[in-house]
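*Asks:* Provided herewith is a single structure, encoded as structure tokens, for subsequent inquiry.
The values are calculated or read from the model by the stated rules, or taken from the named source; none is laboratory data. Computed from a predicted model, the values in this text were never measured in an experiment. We place every Cβ from the backbone using ideal geometry, glycine too, and count neighbours over all the protein chains shown. Areas reflect the complete protein model, heavy atoms only, side chains present, ligands, DNA and RNA absent. Shrake-Rupley method; radii C 1.70, N 1.55, O 1.52, S 1.80 Å.
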Amino acid sequence: MAKVGIIMGSDSDLGIMKEAGDILQQFGAEYDYTVCSAHRLPAETAEYAATAMEKGYEVIIAGAGGAAHLPGVIAAYTVLPVIGVPIKTSTLSGVDSLYSIVQMPKGIPVATVAINGSANAGLLALQIIALHDNDIRVKLLEYRKKMAADVKKKDLSLKEIGADAYLKQQSPK
Ligand code: RP5
């Protein structure tokens with residue numbers, strides 16, 4: 001069974017990173033969580049990444065905030081695909097994390113999702129696994145069908161009851 005490693009720089013990232021775990025759980029994929037800071041625990045971070053393949057991981061999802069070097073450091077130590085999640089920060093709203101992760105220099109790629117886009121990181125990991133796992137591929141196709149059906153249902157309802165009534169019954173985001 002394919003395994004996804006979800007690693008984050010701090011336990012303060014867990015609230016966001018759990019969204020990736022929840023998606024993987026929903027699809028029945030195997031995953032685990034690790035907290036391991038690239039600057040507070042550099043040797044352990046290197047060890048995690050260097051041994052990831054032999055431990056059976058197929059994809060790593062790495063979330064970090066601020067000078068968010070964790071995904072890049074992980075990618076430096078493994079040729080497994082690494083998906084970076086820029087965590088929203090209080091000082092720079094996560095633009096610092098986004099730029100740190102997305103601007104990896106040539107040679108060591110990190111696939112970067114949106115700020116706090118942990119759920120998409122989970123889905124992208126599933127799409128990578130689906131290259132060889134037919135069960136996950138079928139579930140992904142079903143997931144998309146359901147999303148499309150939900151939008152159509154909303155469109156029908158809007159046309160039926162009109163914008164004012166629709167907005168009244170819409171739950172606030
Ligand atoms: C980063 O610094 C972590 O990924 C986290 O997003 C941020 C703040 O960490 P804490 O100070 O909350 O541990 O390394």
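*Asks:* Mind putting together the pair-distance distribution for the chain? All Cα pairs, 5 Å bins, whole percent per bin, short to long.
*Replies:* With a bin width of 5 Å, the distribution comes to 1, 9, 16, 18, 17, 12, 10, 7, 5, 3, 2, 0, 0.
*Asks:* Could you work out the Kirkwood radius for the stretch 96-170, taking every pair of different alpha carbons, averaging 1/r and inverting it, reported in Å?
*Replies:* 15.7 Å
*Asks:* What is the distance, in nm, between label points placed 7 Å from the Cα along the Cα-to-Cβ direction at Ala67 and at Lys159?
*Replies:* Distance between label points: 5.5 nm.
*Asks:* Something else now. Sum up the lysine pairs in the chain that clear both bars: alpha-carbon distance under 24 Å and a spacing of 8 or more or different chains.
*Replies:* 27
*Asks:* If you find the alpha carbon centre of the stretch 100-166 and of the stretch 24-62, how far apart are they in angstrom?
*Replies:* Result: 22 Å between the Cα centres.
*Asks:* Near the amide H of Ile7, under 5 Å away, which other amide H atoms are found, from residues 5 or more places off or on another chain, if H is placed in the peptide plane?
*Replies:* Amide H neighbours of Ile7: Thr34, Ile61, Ala62, Gly63.
*Asks:* Once you have a ≥ b ≥ c as the square roots of the Cα gyration tensor eigenvalues for the stretch 11-53, tell me rounded if a/c is under 1.5, and otherwise prolate or oblate according to whether a/b is larger than b/c.
*Replies:* It is oblate, given that a/c is not under 1.5 and a/b is not larger than b/c.
*Asks:* Per-residue ellipticity at 222 nm for the chain, helices alone: DSSP H runs ≥ 4 residues times -39500 (n - 2.57), over residue total, nearest 500 deg cm²/dmol?
*Replies:* The helix-only estimate for the chain comes to -15000 deg cm²/dmol at 222 nm.
*Asks:* Here is a further query. Ignoring ligands, DNA and RNA, what percent of the accessible area of the chain is carbon or sulfur (1.4 Å)?
*Replies:* Carbon and sulfur: 59 percent of the exposed surface of the chain.
*Asks:* Here's another thing I want to ask about it. Just want the answer: with Cβ charges of +1 for Lys and Arg and -1 for Asp and Glu, which residue in Pro109, Asn120, Thr34 is farthest toward the dipole's positive end in the chain?
*Replies:* Checked the options; the winner is Asn120.
*Asks:* Using the Cα centre as the reference, give the magnitude of the dipole from point charges on the C-beta atoms of the chain (Lys, Arg: +1; Asp, Glu: -1; all else neutral), rounded to the nearest 20 debye.
*Replies:* Approximately 660 debye in magnitude.
*Asks:* Per residue, how much accessible area does the stretch 1-132 have with a 1.4 Å probe, in Å²?
*Replies:* 47 Å²
*Asks:* Follow-up. Provide the gained length on full extension for the span Gln170 to Glu54, in nm with one decimal, where the gain is 0.36 nm per separating residue minus the Cα-Cα distance.
*Replies:* 36.9 nm
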